[in-house]
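*Asks:* Handing you this structure, nothing more for now.
The values are calculated or read from the model by the stated rules, or taken from the named source; none is laboratory data. All figures in this text were calculated on a predicted structure; none of them were measured in a lab. In this analysis, Cβ positions are derived from the backbone assuming ideal geometry, glycine residues included, and neighbour counts consider all displayed protein chains. To get the accessible areas, we keep the full protein, side chains included, count just its heavy atoms, and leave off ligands, DNA and RNA. Shrake-Rupley method; radii C 1.70, N 1.55, O 1.52, S 1.80 Å.
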Amino acid sequence: AVRYALSFPNAVHHEAKVTASFSGLPAKPLHVRMARSSPGRYALHDFAKNVYYVVATDGSNHPLPLNRPDQYGWDVTPAADGTVLFSYTLYGDQTDGTFVGIDQQHAHLNLPATLCYATGLENRSAEVKFDLPAGWKAATQLRPGADKTTFTAPNLQYLMDSPVSLGAQQGLPL
């Protein structure tokens, strides 16, 4: 599975910390991308413009060199362990159906605008774990995972078609 971890240590400044874990990789370049479109919308977007402080490491946290072949993606070659941890800061101040909105009260995540993906791994299942501020809950069509903050998708298409609302949800049990 591709594993994602999201936290919100700087929500007051509309930021999230995202780490994608890709494992079992061959020793050839991994093409990590941000989507340019979103389900149900007929326009191109520049979601990568809200991604910065990008770092790639192997499974032992040793830095891996990044190459930026275009403005929408990065190339990174896995080390011998076949793992790439791809981390970045995501900025989001637009709460709508297309972009990302993050503040101290909530986070609305359109996943194409939130999560990177790796070409060639689209059929892998995905796991998304949220490190939530106190009082926040998740509302999403993603499948429940091991605990209340972990969710799964069978593949990239299902993942990207699953918006997430985080915050003090009305009507959800505590």
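*Asks:* Counting each pair of different Cα atoms once, what's the Kirkwood radius of the range 62-161 in Å, rounded to one decimal?
*Replies:* 15.5
*Asks:* In Å², and per residue, what accessible area does the chain have when probed at 1.4 Å with the other protein chains present? Mind dumping the intermediate values first?
*Replies:* On the way: 8660 Å² over 174 residues.
Dividing the accessible area of the chain by its residue count gives 50 Å².
*Asks:* Ok, one more. How long are the three semi-axes of the equivalent ellipsoid of the range 1-74, in whole Å, if each is the root of 5 times an eigenvalue of the C-alpha gyration tensor, listed from largest down?
*Replies:* On the way: eigenvalues 100, 66, 33 Å².
In descending order, the three semi-axes are 22, 18, 13 Å.
*Asks:* So for the pair D161, A43, with labels modelled 7 Å out along Cα→Cβ, what separation do we get in nm?
*Replies:* About 2.2 nm, to one decimal.
*Asks:* For Cα pairs less than 8 Å apart in space and 6+ apart in sequence, what is the mean separation divided by the residue count of the chain, i.e. the relative contact order in percent?
*Replies:* Here the relative contact order equals 26 percent.
*Asks:* Okay, next question. What's the magnitude of the charge dipole for the chain around its Cα centre, counting Lys and Arg as +1 and Asp and Glu as -1 at the beta-carbon? Answer in Debye, nearest 20.
*Replies:* On the way: 13 positive and 14 negative charges, 44 e Å.
It works out to roughly 220 debye.
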